[in-house]
1. Can you say whether V76 is of a type in the set (V, I, T) and buried (at least 16 other Cβ atoms within 10 Å of the Cβ), as far as the supplied structure shows?
2. Take T32 and decide whether it is among the β-branched types (V, I, T), out of contact with any helix residue (DSSP H, G or I) (no Cβ under 9 Å at 6 or more places or on another chain) and loosely packed, with under 12 Cβ neighbours inside 10 Å.
3. How about the range 30-41: which of its residues are in a strand (DSSP E or B), closer than 20 Å to Y102 by Cα and either basic (K, R) or without any contact (Cβ under 8 Å) to a residue 40 or more places away in the chain (or both)?
4. Hey, any hits in the range 11-29 for a residue that's assigned to a loop (DSSP other than H, G, I, E, B), of a type outside the set (D, E, K, R) and modelled with pLDDT of 85 or more?
5. Filter the range 42-62 for residues that are assigned to a loop (DSSP other than H, G, I, E, B) and modelled with pLDDT of 85 or more; which is nearest to F5 (Cα to Cα)?
6. If you go through the range 54-72, how many residues are over 15 Å from K8 (Cα atoms) and of a type in the set (G, A, S)?
Amino acid sequence: MRDSFLKKVVLSSSPLEANGFTFTAVAIVNQTGDLAFCREGDQSWTLIDGAQSYSEDVISVNGLFYAVDKKGTVVVCDVNGPSPSRVGIIRTPRLEEADMRYL
């Protein structure tokens with residue numbers, strides 16, 4: 001991913017929190033909107049399996065990451081286990097076409 005750019009990065013929690021809690025970052029990569037993650041201490045970003053969907057926005061809620069694409073479909077990703085992947089898809093009602101979607 002050396003020649004990639006990160007469109008947006010979201011942290012699972014504040015890196016300043018005490019109690020030895022580690023954090024994970026999820027990023028929207030390039031214009032393709034692929035999702036990648038990086039855990040505290042990782043040397044590089046890793047693409048999330050099944051989460052290549054032209055993501056427009058991403059948020060972190062209760063340990064899961066939610067990303068929305070241009071069509072309004074929400075992808076749910078769990079990056080806590082040994083092999084992070086997409087764990088669900090939420091289909092939303094069809095709306096007018098838009099240049100961006102936000103969560």
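1. Against the criterion (of a type in the set (V, I, T) and buried (at least 16 other Cβ atoms within 10 Å of the Cβ)), V76 does not qualify.
2. No: the conditions fail for T32.
3. D34, A36
4. yes
5. The qualifying residue nearest to F5 (Cα to Cα) is W45.
6. Selection size over the range 54-72: 2.
The values are calculated or read from the model by the stated rules, or taken from the named source; none is laboratory data. Since we're looking at a predicted model, the values are computed, not measured. When we count neighbours, we look across all protein chains shown, and the Cβ atoms used for this are built from the backbone with ideal geometry, even at glycine.
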